[in-house]
Every structure is written in structure tokens, then in C-alpha cells.
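One structure is given here, and the rest of the page talks about it.
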Amino acid sequence: MKLRPIVRCSRLILSAALICIFNTSSRAEFQQPRIIIPIDQSFVEESTISLVFHKGDVPADAVGISINGNRLPPILDLKERKIFCIGGAKLAEGPNRIRLYLLNNGEIVEEKIASVFFRSDLFRNAVIPPPGFEKYYFHTMNHEAYCSFCHQMPSGHEAPNPAVPLDSSCFPCHTEGKSSKYVHGPVSVGSCLMCHEQKSASSKYRIEDSDEITCGTCHEESVESWKKAGYYHGPVAMGRCTTCHDPHGSEYPFFLKMETTDLCSACHAETASRPHVILSYAGKGHPIRIEKDPFHPGQKFDCASCHFPHGSPYNLLLKEDPTSMASYCTTCHKKKGRNTR
Ligand code: HEC
Ligand code: HEC
Ligand code: HEC
Ligand code: HEC
Ligand code: HEC
Ligand code: HEC
Ligand code: HEC
Ligand code: HEC
């Protein structure tokens with residue numbers, strides 16, 4: 001199946017369209033090149049974004065984009081096109097510098113810069129966007145109108161479950177869940193609108209409920225049981241499931257944003273960097289990461305082998321009762337004091 005947008009504009013319609021978009025007057029004027037998406041000084045909360053830019057009327061035989069100094073392959077065959085779209089561009093956490101450059105005979109003749117900030121609670125330098133950076137919402141009538149000259153923009157009222165998942169009208173522009181190793185149930189059947197229901201008047205698909213409510217519609221039992229457990233983990237108590245889980249899919253089991261031990265260490269760096277639980281004569285702590293857990297075949301050993309990530313009946317979110325350390329340790333180490341079954 002082809003995953004290309006439906007390009008339904010002839011050049012005639014397009015030039016008419018461009019004139020009315022870029023000029024409030026009806027007279028065509030000289031166009032400066034510009035980066036349309038992302039918006040300069042905006043912030044996003046996902047590492048992957050789309051890039052859309054306009055070449056303008058500057059004479060050039062190639063255009064290209066670089067992200068933080070890394071050049072994406074330049075587009076050489078311009079075919080009189082002026083608008084170019086690149087999907088799936090990867091950002092680094094924190095500040096990113098997107099540079100559009102135009103080449104003529106191998107020389108850079110023009111360039112434009114846009115700054116975009118990838119905000120995440122998992123990176124200390126990326127938690128708070130710099131002053132002046134605004135969250136950018138794409139799906140407003142104005143923005144969509146611009147793209148709809150060439151793309152079929154979904155109305156937002158399409159059937160929540162397309163018969164063929166990849167037929168979802170969202171996929172031409174969004175890679176969410178298409179290429180991940182582990183894909184979340186509702187995403188794998190193309191049901192974007194199960195969560196991104198069109199409730200908000202200001203922009204389509206925007207989720208205004210807390211994650212706890214969004215995720216709780218389907219994972220109600222789990223969420224309720226964590227709440228009742230007694231000890232509730234900080235970020236879960238704040239209702240922010242998507243701090244740790246990618247709601248669409250990821251390279252890690254449970255759609256985690258990182259491997260479990262890396263994930264926990266992102267916020268508990270001090271705990272993870274010093275000897276944990278035990279202190280051996282050699283100054284070493286308890287292992288916190290093992291590819292194959294000797295006590296639980298088929299599983300990894302990580303922070304979540306000892307701590308519940310969400311809620312627990314025991315202090316410090318432990319999975320087993322720690323009141324007696326001796327019996328606590330033997331839940332895994334059956335023979336006292338020895339590291340064997
Ligand atoms: C002048 C027509 C035109 C306009 C206007 C346009 N696009 Fe595109 N877009 C295309 C074409 C054609 C493609 C197919 C890929 C290609 O040939 O570059 C495409 C592809 C894409 C892709 C997928 C790119 C990939 O690498 O798979 C995204 C995302 C996208 N467009 C987003 C947008 C957005 C967002 C807007 C509005 C801001 C927009 N486009 C406006 C013509 C256009
Ligand atoms: C023409 C391309 C295009 C199509 C089709 C499209 N989107 Fe988007 N969408 C974008 C762009 C561009 C952004 C800005 C973020 C980015 O760069 O990826 C965005 C952002 C979003 C956001 C974040 C909130 C916002 O408004 O910025 C959500 C949620 C979203 N899209 C959902 C959907 C859903 C659901 C569908 C299908 C019903 C869909 N989109 C179809 C291009 C598109
Ligand atoms: C299980 C619920 C769920 C499903 C299904 C789902 N999403 Fe999302 N999505 C979320 C949540 C939660 C967020 C983060 C909250 C927010 O920023 O709006 C999000 C955020 C996004 C964003 C914005 C990322 C950013 O920068 O903040 C895009 C784009 C998006 N979703 C597209 C899609 C598309 C396309 C589909 C269908 C293939 C889809 N989603 C299906 C829950 C879901
Ligand atoms: C529309 C219903 C629905 C919503 C809403 C939903 N999920 Fe799910 N989720 C499922 C289904 C169905 C499965 C089981 C299939 C699978 O593993 O993908 C699942 C599985 C999971 C799993 C893996 C469980 C396991 O034992 O392997 C995680 C983690 C998860 N969801 C997290 C979330 C988070 C976080 C949210 C909120 C952003 C959320 N879900 C919202 C339906 C939903
Ligand atoms: C601090 C990070 C973190 C937060 C926040 C978080 N989770 Fe998890 N979640 C995890 C980890 C880690 C696992 C994998 C546990 C394992 O390996 O046994 C997991 C597993 C899951 C599972 C599958 C296993 C199970 O226990 O049922 C579901 C479903 C789930 N999470 C949903 C959610 C929902 C819903 C929220 C928000 C209310 C949430 N998570 C918030 C880290 C988190
Ligand atoms: C987004 C940041 C974040 C992530 C990721 C995170 N935590 Fe936490 N954790 C917190 C906050 C905030 C608290 C509550 C404040 C506190 O008591 O230190 C907390 C508390 C705890 C506590 C209780 C500490 C105490 O002294 O009471 C334990 C244990 C814990 N987390 C383990 C984990 C494990 C295991 C993971 C990985 C599955 C994890 N955390 C991932 C932020 C995080
Ligand atoms: C072998 C089981 C085990 C593993 C693996 C483990 N913990 Fe712990 N953790 C404990 C026990 C037992 C305690 C309480 C005793 C103590 O403080 O040493 C504890 C205490 C904590 C505390 C509170 C006290 C402190 O040191 O800050 C945090 C936070 C914590 N663990 C996070 C983590 C994180 C993050 C990981 C993974 C990097 C991890 N734990 C791996 C068993 C474990
Ligand atoms: C959730 C299971 C679990 C619990 C609970 C647990 N351990 Fe372990 N422990 C392990 C695993 C897995 C290893 C690695 C075994 C291997 O490499 O063969 C290990 C290794 C060790 C080692 C050897 C360290 C090394 O570097 O080789 C010691 C000592 C140890 N544990 C002591 C303890 C003590 C003391 C407690 C209680 C405070 C405890 N463990 C609780 C799973 C656990």
C-alpha cells in the first residue's frame with residue numbers, strides 16, 4: 001500500500017493558492033524562503049516532527065535542511081516545486097536548530113533558521129522550555145487550510161476504526177506506531193480517535209484530559225488498583241502516564257520511552273549512580289541491570305524487578321514486604337547469604 005498523501009493540486013491551482021496564502025494583496029510579490037513547520041520558537045513533546053518549507057523565489061537548484069548541524073540529504077530535483085515536506089525528522093531533547101538552506105551551483109545562496117525545543121520530563125536540561133517558546137498546535141483551521149491545497153486533511157469525523165488500519169487518514173503525515181517495534185493496541189488498528197477525539201474547539205485532536213483519565217478509560221482496573229495500593233509513585237500520582245510511556249508505541253516493551261533502568265535513572269540519577277541496596281567490600285552495590293534474570297526465566301532484571309513503577313502496598317514501592325530484610329532478600333535468593341537459587 002502506498003502511504004503517500006493525495007496530491008490533488010494542479011500547478012495552476014497551486015500558484016493561485018500560494019498567491020492568496022502569502023499575499024494579503026492580490027498582487028504576486030517576491031517570496032522569501034521560509035520554514036513553515038516547525039514554527040520558530042515553539043516547543044514540541046515528541047521527538048519526531050514533520051518539516052515543511054517554502055523555497056521562495058530565490059534562484060536555486062537545490063534545497064536542504066540541517067538539524068543541529070547534521071544535513072539531511074538535499075533535494076536536488078526541484079521540478080519547479082516551491083513547497084517541500086519531510087516526515088519523521090528526529091529532534092534531540094532540549095533546543096534544536098533547524099536550518100533551511102538553498103544552493104545554487106553548489107554555493108549556499110540563502111538560509112533560514114527556526115528554533116524548536118523538544119520538552120521532556122526525562123531530561124534535566126529539557127524540562128522547561130526557554131522563555132518565549134510556545135507550545136505549537138498544528139491542527140487549527142488556518143494551518144490545515146494551507147496544507148489542504150495538496151493534502152486531503154481529515155475532517156476529524158472519520159470512522160474511529162478504519163477497516164484497514166493503514167488507511168487511516170492520519171498516516172500520510174504521522175509515523176506514530178507505524179514503525180515502532182511494540183505498537184499499542186488501539187494504534188495498531190488505526191484508532192487514533194479513540195484518544196484524540198475532537199472535543200477541543202481551539203484545535204482538533206488535542207487531548208485536554210489528564211493521561212490518567214485518557215488511559216484510565218481502558219486500563220481502569222490497573223489504575224484503580226495502583227491508587228488503592230497505599231504507596232503511589234510521584235509521576236503516576238500526577239496523572240502523567242506519558243512521562244514514561246509513549247502512548248503510540250516504542251522500541252521497548254510496555255511502550256516505554258527508554259529501557260526500564262535508563263528510564264528510572266533519568267529521574268533517580270543519584271540513586272542509580274551510587275551502590276544500591278548492598279555495599280560489598282569492593283564498594284559495589286546490588287546489580288540493577290542484567291539481560292537475563294536468573295530467577296525469572298525469559299525476563300530482564302532491572303529496577304522494576306524490585307520496585308513497582310506505579311503503586312505498591314509496601315514502602316519505597318517495593319514488590320515484596322521489606323519489614324524483614326532477611327526474608328525480603330530470600331524472595332529471590334533462596335539460600336541465605338548466597339547468590340544462588
Ligand atoms: C504544494 C503542495 C503541498 C503543500 C501545500 C503541502 N504539501 Fe506536504 N506533501 C506534498 C507532496 C507532493 C508530498 C509527497 C512527498 C514529496 O514528494 O515530497 C508531501 C508529503 C508530506 C508529508 C510526508 C513526507 C514524508 O517524508 O513521508 C508530510 C508530513 C507533509 N507533506 C506535511 C505537510 C503539511 C503539514 C503541510 C502544510 C503545512 C503540507 N504538507 C503542505 C505536497 C504538499
Ligand atoms: C497534512 C499532514 C497531516 C495530517 C493528514 C494529519 N496531521 Fe496531525 N499533525 C501534522 C503536523 C505537521 C503536526 C505538528 C507536529 C509535527 O510536526 O508532527 C501535527 C500534530 C498533530 C497532533 C499534536 C497536536 C497539534 O495539533 O499539534 C495530533 C494529536 C495530531 N496531529 C493528530 C492527527 C490525527 C488524529 C490525524 C488523522 C485524523 C492527523 N493528525 C492528520 C500534520 C498532519
Ligand atoms: C491510547 C491513546 C492514544 C491513541 C490511540 C493515539 N494517541 Fe496520539 N497521543 C496520545 C496522548 C496521551 C498524547 C500526549 C498528549 C498530548 O500532548 O495531546 C498524544 C500525542 C500525540 C501527538 C503529539 C505529540 C506531541 O508533540 O505532543 C501526535 C502527533 C499524535 N498523538 C498522533 C496520533 C496518531 C496519528 C494516532 C493514530 C495512529 C494516535 N496519536 C493515537 C494518546 C493516543
Ligand atoms: C482504547 C483503549 C485503550 C486506551 C485509551 C489505552 N490503552 Fe493501553 N492497551 C489497550 C489494549 C487493547 C492493550 C493490549 C494490547 C497491547 O498490548 O497493545 C493495551 C496495552 C497497554 C500496555 C501493555 C500492557 C501489557 O501488559 O503488555 C501498556 C503499557 C499500555 N496499554 C499503556 C497505556 C497508556 C499509558 C495509555 C494512555 C496514554 C493507554 N494504554 C490507553 C487499550 C487502550
Ligand atoms: C515512572 C514511569 C511510569 C509511569 C509514570 C507510568 N508507568 Fe506504566 N509502566 C512503567 C514501567 C517501567 C512498566 C513495566 C513494568 C515491568 O517491567 O514489569 C509499566 C507497565 C505498565 C503496564 C503493563 C503492566 C501492568 O502493570 O499492568 C500498564 C498497563 C501501564 N504501565 C499503564 C500505565 C498507566 C495507565 C499510567 C498512568 C496512570 C502509567 N502506566 C504510568 C512505568 C511507568
Ligand atoms: C519523571 C521522573 C521519574 C521517573 C522516570 C521515575 N521516578 Fe521514581 N519518583 C519520582 C518522584 C517525583 C518521586 C517522589 C519524590 C520522592 O519521594 O523522591 C519518586 C519516588 C520514587 C520512589 C520512592 C522514594 C522515596 O524515598 O520515597 C521510588 C522507590 C522510586 N521513585 C522508584 C522509581 C523506579 C523504580 C522508576 C522506574 C520504573 C522510577 N522511580 C522512575 C520521579 C520519577
Ligand atoms: C534488588 C532489588 C532492587 C533493585 C534492582 C533496585 N532497588 Fe531500589 N531499593 C531496593 C531496596 C531494598 C530499597 C530500600 C533499602 C535501601 O534504601 O537500600 C530501595 C530503595 C530505593 C529508593 C529510595 C532510597 C534511595 O536510595 O534513594 C529509590 C529511589 C530506589 N530504590 C530506586 C531504584 C532505582 C531507580 C533502581 C534501578 C536503577 C532500583 N531502585 C533498583 C531494592 C532494589
Ligand atoms: C527481585 C529479586 C532480587 C531481590 C529481592 C534481591 N536480589 Fe540480590 N540479586 C538478584 C539477581 C538477579 C542478582 C544477579 C545474580 C547473578 O548475576 O547470577 C543478584 C545478585 C546479588 C548479589 C551478588 C552481587 C554481585 O555483584 O555478584 C548479592 C550479594 C545480592 N544479590 C544480595 C542481595 C541482598 C542482600 C538482597 C536483599 C537486601 C537481595 N540481593 C535482594 C536478585 C534479587
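Taking a ≥ b ≥ c as the square roots of the eigenvalues of the Cα gyration tensor of segment 244-306, is the shape rounded (a/c under 1.5), prolate (a/b larger than b/c) or oblate?
Here segment 244-306 falls in the oblate category.
Identify, among Tyr252, Pro309, Val277, the residue whose Cα sits farthest towards the positive end of the charge dipole of the chain, taking +1 on the Cβ of Lys and Arg and -1 on the Cβ of Asp and Glu, with the dipole about the Cα centre.
Selected residue: Val277.
Please list the three semi-axes, largest first and in whole Å, of the ellipsoid equivalent to the chain, using sqrt of 5 times the eigenvalues of its alpha carbon gyration tensor.
On the way: eigenvalues 457, 111, 60 Å².
One finds semi-axes of 48, 24, 17 Å for the chain.
Given Cα pairs under 8 Å that are at least 6 residues apart, what percent is the relative contact order of the chain?
Rounded, it is 12 percent for the chain.
Is there a quick way to get the dipole size of the chain? I mean about its Cα centre, with the Cβ of Lys and Arg at +1 and of Asp and Glu at -1; what is the value in debye to the nearest 20? All intermediate terms of the calculation are to be shown ahead of the outcome.
Details: 38 positive and 36 negative charges, 171 e Å.
In total the dipole reaches around 820 debye.
Order by neighbour count: Arg240, Arg124, fewest other Cβ atoms within 10 Å first, most last.
Fewest-to-most Cβ neighbours within 10 Å comes out as Arg124, Arg240.
Can you give me the three principal axis dimensions of segment 206-341 from its C-alpha atoms, in Å, biggest first?
54, 30, 29
Compute the distance from the alpha-carbon center of segment 271-300 to that of segment 175-210, in whole Å.
37
Can you give the Rg and Dmax of segment 11-147 based on its C-alpha atoms, in angstrom?
15.9, 50
Is segment 165-241 rounded, prolate or oblate when judged by the Cα gyration tensor, a ≥ b ≥ c being the square roots of its eigenvalues, rounded requiring a/c under 1.5 and prolate requiring a/b larger than b/c?
Prolate, since a/c reaches 1.5 and a/b exceeds b/c.
Dipole size in debye (nearest 20) for segment 234-341 around its Cα centre, Lys and Arg Cβ +1, Asp and Glu Cβ -1?
540
Take every Cα pair under 8 Å in segment 53-185 that's 6+ residues apart, average their separations, divide by the length, and report that relative contact order as a whole percent.
Averaging sequence separation for qualifying contacts and normalising by length gives 18 percent for segment 53-185.
Return the calculated 222 nm mean residue ellipticity for the chain, to the nearest 500 deg cm²/dmol, obtained by summing -39500 (n - 2.57) across DSSP H runs with n ≥ 4 and dividing by the residue count.
Mean residue ellipticity, 222 nm, calculated: -4500 deg cm²/dmol.
Between Glu110 and residues 5 or more places away or on another chain, which pairs have amide H atoms under 5 Å apart, with H built 1.01 Å from N, and which residues are they?
Answer set, sorted by chain and number: Leu102.
Which of Cys303, Cys244, Cys85, Cys218 comes first, and how do the rest follow, when ranked by fewest Cβ neighbours within 10 Å?
Cys218, Cys85, Cys303, Cys244
Counting other beta carbons within 10 Å of each residue's own, what order do Lys112, Lys181 fall into, fewest first?
Lys181, Lys112
At 7 Å along the Cα-to-beta-carbon direction for both Glu134 and Lys284, put a label point, then send me their distance in nm to one decimal.
5.5
Taking the alpha-carbon centroid of each part, what is the distance from segment 237-265 to segment 83-102 in angstrom?
24
Kindly write out, for segment 249-256 in residue order, the coupling ³J(HN,Hα) from the Karplus curve 6.51 cos²θ - 1.76 cosθ + 1.60 (θ = phi - 60°), rounded to whole Hz, with x marking Gly and Pro.
x, 7, 7, 10, x, 6, 6, 6
State, to one decimal in nm², a quarter of the convex hull surface area for the C-alpha atoms of segment 94-187, i.e. the direction-averaged projected area.
The directionally averaged projection comes out at 10.3 nm².
Rule-based calculations on the coordinates, nothing more; no lab input. Note that the structure is a prediction, hence the values are computed from the model and not measured. Here Cβ is always computed from backbone atoms with ideal geometry, including for glycine, and neighbour counts include all displayed protein chains.
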